[in-house]
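Q: Below you'll find the structure I mean.
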Amino acid sequence: MLELLKNLASWLTSPAQWSGPEGIAARILEHLEYSVLATLAAAVIALPVGLLIGHTGRGAFLAVNLSSFGRALPTVGLVTLVFLAGGLSVWPVYVSLVALAVPVIITNTYAGMAAVDPEVKDAAKGVGLRGRQVLWQVELPLALPLIMTGVRLATVQVVATATIAAYVSFGGLGRYVFDGLAQRDLVQVLGGAALVAVLAVVADLALGGLTRLLFRGRPATAR
Amino acid sequence: MTIEWGWFPDHADEMAELTADHLATAVPAVLLGLLIALPLAVLAHRVRPLRGFVLGASNILYTIPSLAFFVLLLPVTGLTRTTAIVGLTAYTLVVLVRNTVEGLDAVPVKVREASTAMGTGPLRTLLTVELPLALPVIMAGVRVATVMSISLVSVASYIGYGGLGQLFTDGFQRNYPTPVISGVALTLLLALVADALLVTVQWLCTPWRRGTSRQRTSLWRKAA
């Protein structure tokens with residue numbers, strides 16, 4: 001076990017391992033590219049839907065069941081399926097990661113909107129705000145902490161799951177895990193896994209810091 | 001992409017076997033998760049200084065990718081079902097611990113005080129008053145943990161214990177979509193049925209909460 005940790009440390013710290021197109025630095029960049037683009041795409045799709053459902057109260061059933069469905073959908077199966085349907089391209093990676101993130105963001109956005117006190121909304125209407133103004137000036141700011149929680153959760157899941165890119169031969173940090181598994185090279189597998197875990201934690205902390213920055217001086221409703 | 005419908009009846013036995021295999025990994029993981037999460041959550045609920053630590057630790061477990069998790073366990077537990085179960089258990093912890101703490105937090109202090117005033121000890125108050133009242137929120141966590149575990153079992157197919165996930169690797173290697181489709185569909189179905197079963201169990205366990213639909217929505221919000 002100690003031997004393994006020593007080998008792992010030297011794998012992670014060897015300069016040769018970090019440079020070049022197959023190096024750790026390049027793999028981290030690939031991993032980040034998939035994760036960031038997928039999360040952004042998911043946010044662009046999910047945020048308006050979640051806000052609309054929360055604001056109108058229509059489709060709440062959908063918002064609520066979508067999260068359950070999203071959690072039940074096996075990502076490995078999805079990536080395999082899209083790969084077999086569409087052939088070798090980076091699409092299966094993005095489709096699967098977006099499908100993973102969208103339900104999380106929609107459900108949390110809806111939950112944030114639904115948690116806004118109806119009396120607050122009535123008061124906003126009472127002082128003369130119109131529907132859209134209520135959404136942008138009252139509901140959205142109040143729901144934002146929970147919305148950010150959703151984005152954070154989705155990001156962590158996407159970063160952690162982006163290892164599947166390597167499954168359909170598109171690099172990222174999953175490459176080390178899959179190559180290591182195929183070559184029975186445990187050090188490489190552990191190295192890749194550790195890097196993904198660190199990346200996920202860092203992404204989570206970064207978004208957490210951003211959230212705190214956004215809500216400085218506000219009551220702590222964000223969890 | 002064409003589906004060969006004839007494949008399904010031919011492989012009914014295999015599918016049944018893989019489904020049973022799938023459950024044999026997912027169900028123990030959730031049960032083990034509950035066994036660990038309940039005492040941890042009670043501890044986090046009662047001993048305030050431990051709260052942040054317990055919740056933070058279970059959160060970090062969640063950020064480790066599932067594939068990496070199974071792999072990280074390999075040196076310890078080897079290529080066995082235990083590896084898959086332990087990995088999944090770690091995943092269930094974040095949901096189970098958080099929901100149990102939240103459920104216990106939501107029990108009004110007055111209820112606990114009333115129970116104490118009637119001469120009930122702390123352990124009995126916990127078992128007969130607090131936990132039953134927290135049950136809906138705890139069960140919401142159990143449902144999420146169960147659905148998540150059922151979906152994640154397939155990742156364990158890389159170490160040979162993936163249940164229905166075996167169909168994904170099979171289809172991928174042979175460039176043959178039909179088993180993959182059946183694997184995805186069966187996983188979804190399994191998760192759906194397990195979720196429905198848990199709803200029924202919860203309904204049976206909390207006779208005092210039957211009726212209104214308002215609590216159902218609030219429950220769902222917790223689950224989200």
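The values are calculated or read from the model by the stated rules, or taken from the named source; none is laboratory data. Just so you know, these numbers come straight off a predicted model, no measurement behind them. Methodologically, a virtual Cβ is constructed for each residue, glycine included, from the backbone with ideal geometry; neighbour enumeration extends over all protein chains shown. SASA here: full protein model, heavy atoms, side chains in, ligands and nucleic acids out. Shrake-Rupley method; radii C 1.70, N 1.55, O 1.52, S 1.80 Å.
Q: In whole Hz, with x marking every Gly and Pro, tabulate ³J(HN,Hα) for the range B:168-176 from phi via Karplus 6.51 cos²θ - 1.76 cosθ + 1.60, θ = phi - 60°.
A: Taking θ as phi minus 60°, the curve returns 5, 4, 4, x, 5, 5, 9, 6, 9 Hz for the range B:168-176.
Q: Right, here's the next one. From the helices alone, meaning DSSP H stretches of at least four residues, give me the mean residue ellipticity at 222 nm for chain B, per-run term -39500 (n - 2.57), in deg cm²/dmol to the nearest 500.
A: Rounded to the nearest 500, the figure is -25500 deg cm²/dmol.
Q: So what J values fall out for the range A:65-78 if you push phi through Karplus, 6.51 cos²θ - 1.76 cosθ + 1.60 with θ = phi - 60°, rounded to Hz, Gly and Pro as x?
A: Ordered by residue, 3J(HN,Hα) equals 7, 4, 5, 5, 4, x, 5, 7, 6, x, 4, 4, x, 5 Hz.
Q: Counting only protein heavy atoms and rolling a 1.4 Å probe, how much accessible area do A and B lose on contact, total for both sides, in Å² to 100?
A: The A and B chains share an interface burying roughly 3600 Å².
Q: Relative contact order for the range A:93-181: what is it in percent, counting Cα pairs under 8 Å that are at least 6 residues apart?
A: So the answer I get is 36 percent.
Q: Which one, A:Ser19, B:Gly78, B:Gly33, projects farthest toward the positive side of the charge dipole computed for the protein assembly as shown from Cβ point charges (K/R +1, D/E -1)?
A: B:Gly33
Q: Something else about it: Specify the angular offset, from 0 to 90 degrees and rounded to the nearest 10, of the alpha carbon long axis of helix B:12-46 from the longest principal axis of the alpha carbons in chain B.
A: Once rounded, one gets 20 degrees.
Q: Still on this structure, please answer the following. In whole Hz, what ³J(HN,Hα) sequence does the range B:101-114 give by Karplus (6.51, -1.76, 1.60; θ = phi - 60°), x for Gly and Pro?
A: Along the range B:101-114, the couplings run 4, 4, x, 5, 4, 6, 6, x, 4, 4, 4, 5, 5, 4 Hz.
Q: Find the relative contact order for chain B and round it to a whole percent, using C-alpha pairs within less than 8 Å whose residues are 6+ positions apart.
A: Over chain B, the number comes to 26 percent.
Q: At 1.4 Å probe size, with the rest of the protein present, what percent of the exposed accessible area of the protein assembly as shown is carbon and sulfur atoms?
A: Its accessible area is 68 percent carbon and sulfur atoms.
Q: Follow-up question, since we're still on this one. Normalised by the residues of the range B:53-124, what does the relative contact order come to in percent, with Cα pairs under 8 Å and at least six apart?
A: Answer for the range B:53-124 is 35 percent.
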